[in-house]
Amino acid sequence: MTNSMNRQIGIPCVMMRGGTSRGPFFLASDLPAFPAERDALLLSVMGAGNDLGIDGIGGGNPLTSKVAIVGPATRAGADVDYLFAQVRVQEGVVDTSPNCGNMLAAVGPFAIESGLVPAANGVTVVRIHNVNTGKLIEARIQTPGGQVAYEGEAVIDGVPGTAAPIHLAFLDAAGANTGRLLPTGSPVDLIDGIPVSCVDAAIPVMLVRAADLGKTGYEPVDSFRSDRNFMARLEALRVEAGRRMGFPNAAGMVIPKPVLLAPPTRGGTLSVRYFMPHDCHRAMAITGAVATATACTIPETVAAALVGRFTMPGDITFEHPAGRLTVRLETGAGQSAPTASILRTARRLFEGTVFARPSTPSRTAMAA
């Protein structure tokens, strides 16, 4: 007979694709309230200790090693809380410092179908409080007949096929983690002789011209991983940028995110290569797009120098490895940064019970 201490722990779970990311969605009430216990459970669920997440449901890539935790709103003006967790399975780390805008796209549908938000007939507006940053995002979900629609004609690069559109508006993205749009107080900082822009809007980023690091900015994704000298140099710049932005332990965090910028080649505004931070994104992160687009409106930043004069309202279109992504920028009343709106899609993939081990592997075992 199996001792109860040896039984696996079953947790209700819905796997969803949000934008160009994918991961399990949980109701906050189904997870432990204490962060350490919650994180241990998530590490087990996602397969800690192996870069493929082989003993869990992690997807072997940062884009598929993400978790969304959704519950009733704890802030006035919001409908739901959304806590994002980036699970670094190989290191056995759960990082809740950033937001994820792609996973955010699926929060509204999940909240409606979980009974947290009543559906309207036509379009349901869900105001989401991102617990990671304290910011509000408004999601507009297609709900004909009071039911979430996933099928539609919207297309986003990096995802095959079409789906129902989901419109996300970042209502006041400035200072998401640092409290300041320009955390260092300057639009440009010199780090090891390289000009970078440190901007915090939806997520803290370090913007740098690709050419200043010996790159074109048009390289294929996998080429960066094999260039160890470049990756080491980029990480050194990122860690120092993080220190100047107020993150003394940036080496152990996924923020700030580095973004390589280059002139466009396909009719867009900028060509980008976004890092997560130790691997190049196969498309473009939504929060990173908001931050980079916002930087285009700030005089003297690295981004603004490449883009030139920009007038709001207007669109910033990024050329990324999987295609293009457009951010609509409009002046926000009384805000230090513009309101940024982005089109995304989402899909419910499966629902049921996911199982966690009663204890996670030790760090020694994970390193073995």
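Bear in mind that the values in this text are calculations on the coordinates, not laboratory data. On a predicted model such as this, the values are computed, not experimentally measured, just so you know. Every residue, glycine as well, gets a Cβ built from its backbone with ideal geometry; the counts of neighbours run over all protein chains shown.
Extension gain for the segment Leu171 to Ala149, taken as residue separation times 0.36 nm less the Cα-Cα distance, is 5.5 nm to one decimal.
Loop-located GluC sites (Glu not before Pro) in the stretch 56-165 (DSSP state not H, G, I, E or B) with no more than 12 neighbouring Cβ atoms inside 10 Å: Glu151, Glu153.
In plain terms, the residue of Val125, Val290 with the fewest other Cβ atoms within 10 Å comes first and the most crowded comes last, giving Val125, Val290. Look at Ile137, Ile69 and count the other Cβ atoms within 10 Å of each Cβ; fewest to most, that gives Ile69, Ile137. Under conditions of 25 °C and 0.890 mPa s, the chain yields 118 µm² s⁻¹ as its translational diffusion coefficient, taking Rh as the Kirkwood radius over Cα pairs in the Stokes-Einstein equation. The stretch between Val221 and His278 holds 19.3 nm of extra length on full extension. This uses 0.36 nm per residue minus the Cα-Cα distance. Each Lys or Arg adds one and each Asp or Glu takes one away; over the other residues whose Cβ falls under 13 Å from the Cβ of Arg233, this sums to -2. Where a Cα-Cα gap under 21 Å defines reach, which lysines qualify for Lys66, not counting those fewer than 8 residues away within the same chain? Reachable lysines: Lys135, Lys257. Computed from the C-beta positions of Asp30 and Arg228 and an R0 of 51 Å, the FRET efficiency is 0.80 to the nearest 0.05. Shown for Val80, Val155: other C-beta atoms within 10 Å of each C-beta, ranked fewest to most, produce the order Val155, Val80. What the Cβ-Cβ distance of Phe355 and Leu213 gives, at R0 = 51 Å and to the nearest 0.05, is a FRET efficiency of 0.70. Kirkwood's formula applied to the C-alpha pairs of the stretch 212-368 gives a hydrodynamic radius of 17.8 angstrom.
The stretch 190-227 and the stretch 276-350 have their alpha-carbon centroids 16 Å apart. Loop-resident trypsin sites (Lys or Arg not before Pro) (DSSP state other than H, G, I, E or B) in the stretch 164-273 with no more than 15 further Cβ atoms inside 10 Å of their Cβ: Arg266.
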